Amino acid sequence: MAPLSDRQFAQSARRELLEDILPFWRRLTIDERRGGFIGQMSNDLRVQEDAPKGLILNARILWTFSAAWAYTRDERDRALARRAYEYLARHFLDPQHGGYFWELAPDSAVRDDKKKVYGEAFCLYALAEHHRVFREPRALEQAARVFDLLEAHAHDEQYGGYFEVMSRDWQPCADMRLSDKDMNEKKSMNNHLHVLEGYTNLLRVWPQPRLAARLRELIDLFLRHILNAPQTHLQHFFDEAWTPRSDNYTFGHDIEGSWLLCEAAEVLGDEALLADVRAVASRLARSVLTEGLAADGGLFYEGRDGRIVNPNKEWWPQAEAVVGFLNAWQLTGEDDFREAAGRCWQFIQQRVVDHQHGEWFWSIRPDGTPDPAQPKVSAWKCPYHNGRCCLEIMRICDS
């Protein structure tokens with residue numbers, strides 16, 4: 001397939017966002033009976049009525065429709081951003097101890113009251129975006145309150161960084177796992193990547209010196225501890241003192257981290273730090289391109305010691321690969337990064353987009369077919385990665 005010009009790239013992303021992703025979520029995911037949004041839907045659009053409602057999905061919907069409205073100015077997007085904001089405030093927000101519950105039952109009763117820092121960070125990220133777009137002062141107040149709670153209760157004053165999971169009243173928990181597939185360790189790359197992402201977005205609208213100091217600390221932790229020694233991959237799990245506890249790496253996190261670290265350093269406005277981060281980002285992107293990109297343009301999921309250990313191609317690493325490779329191309333001027341972004345986008349259009357039912361399949365198996373067991377909507381399957389990918393393509397390629 002011929003390479004995409006910048007104009008073709010931006011037009012394709014615009015069509016994907018405006019004709020597929022946003023219409024799917026507007027039309028099919030509103031829970032008219034119980035409020036908010038549905039908890040789970042299969043690939044063939046069957047809603048699972050007893051599925052819980054997860055904090056991550058609802059926070060990511062808030063971010064998506066707030067960011068989308070800034071581009072579309074479509075009142076349907078404003079309405080869904082408002083719906084998501086009000087549902088979070090009414091049902092997920094803990095009125096007693098502050099912060100946001102991890103999971104609700106289908107009827108909005110609290111099902112899991114833990115304060116998982118990953119989820120709090122996504123709320124902060126989304127609330128900051130909602131304020132940035134709509135100038136909603138309560139959203140900024142709530143985002144600042146989450147920051148204060150994380151700093152008071154989850155920040156590790158001895159070794160730096162943030163513990164993974166707290167109880168409802170912000171006490172340490174024995175079980176630190178974000179999900180069942182994660183290791184029970186006190187610190188993880190994934191958690192810190194999204195705290196960094198959230199703090200970056202909050203600093204845009206709330207330029208407080210203490211927030212800037214914490215964002216700088218997060219970048220430093222990535223450079224000193226989370227990057228492996230050759231600075232080619234992000235390590236996953238750590239003990240309290242940042243001793244690595246895992247030896248695998250996921251290409252989606254590596255490439256997502258490469259551009260989110262650049263974004264954080266740009267918002268801080270420190271040119272020396274930005275130069276260091278850009279050098280690291282280029283190395284990360286080069287490793288992902290060399291080791292993780294398949295011949296068909298799709299990004300493999302996981303590697304270890306230079307080998308592919310999970311050859312599936314999930315939706316979110318594909319989205320992050322497009323953005324990360326475009327970012328690396330802007331940093332270096334090296335055309336193979338631009339070509340890789342286009343190839344991955346074409347893989348998305350050919351294999352990942354569900355041209356029958358809409359939106360994107362969760363995962364493409366090694367034989368090139370979608371995994372039918374994975375849902376189209378779930379606590380983790382959301383419009384944030386792919387929606388943001390489209391917005392970023394348009395920002396970069398339309399400029």
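Restricting Gly297, Gly324 to those that are crowded, with 19+ Cβ neighbours inside 10 Å, in contact (Cβ under 8 Å) with a residue 24 or more places away in the chain and in a loop (DSSP other than H, G, I, E, B) reduces the list to Gly297. Scanning the stretch 357-374 for residues being part of a loop (DSSP other than H, G, I, E, B), among the polar types (S, T, N, Q) and closer than 19 Å to Glu320 by Cα gives a total of 0.
Taking the criterion of being among the acidic types (Asp, Glu) and under 20 Å from the mean Cα position of the chain (by Cα), the residues of the stretch 14-48 that qualify are Glu16, Asp20.
Per the listing Gln374, Gln349, the residue uniquely more than 27 Å from Pro52 (Cα to Cα) and either more than 16 Å from the chain's Cα centre (by Cα) or not hydrophobic (A, V, I, L, M, F, W, C) (or both) is Gln349.
Within the stretch 342-354, residues that are more than 20 Å from Val377 (Cα to Cα) have Cβ atoms under 6 Å from residues that are outside any helix (DSSP H, G or I) and acidic (Asp, Glu) in these pairs: Phe347/Asp296, counting only partners at least 6 apart in sequence or on another chain.
In the condition set (1) surrounded by fewer than 23 Cβ atoms within 10 Å (Cβ to Cβ); (2) closer than 30 Å to Phe65 by Cβ; (3) in contact (Cβ under 8 Å) with a residue 24 or more places away in the chain; (4) of a type in the set (S, T, N, Q), Thr332 is compliant with all but (2). When Tyr125, Tyr87 are checked against the criterion of being assigned to a helix (DSSP H, G or I), among the hydroxyl-bearing types (Ser, Thr, Tyr), more than 25 Å from Cys390 (Cα to Cα) and touching a residue at least 40 places away in the same chain (Cβ under 8 Å), a single residue qualifies: Tyr87.
Going residue by residue through the stretch 128-148, is there one that turns out to be surrounded by 16 or more Cβ atoms within 10 Å (Cβ to Cβ), among the aromatic types (Phe, Trp, Tyr) and over 26 Å from Glu19 (Cα atoms)? Looking through the stretch 128-148, at least one residue is surrounded by 16 or more Cβ atoms within 10 Å (Cβ to Cβ), among the aromatic types (Phe, Trp, Tyr) and over 26 Å from Glu19 (Cα atoms).
Read the figures in this text as sums done on the coordinates, not as results from a lab. Bear in mind that the values here come from a model prediction, so they are computed numbers and not experimental data. Here the Cβ is made from the backbone with ideal geometry for all residues, glycine too, and neighbour counts use every protein chain on show.
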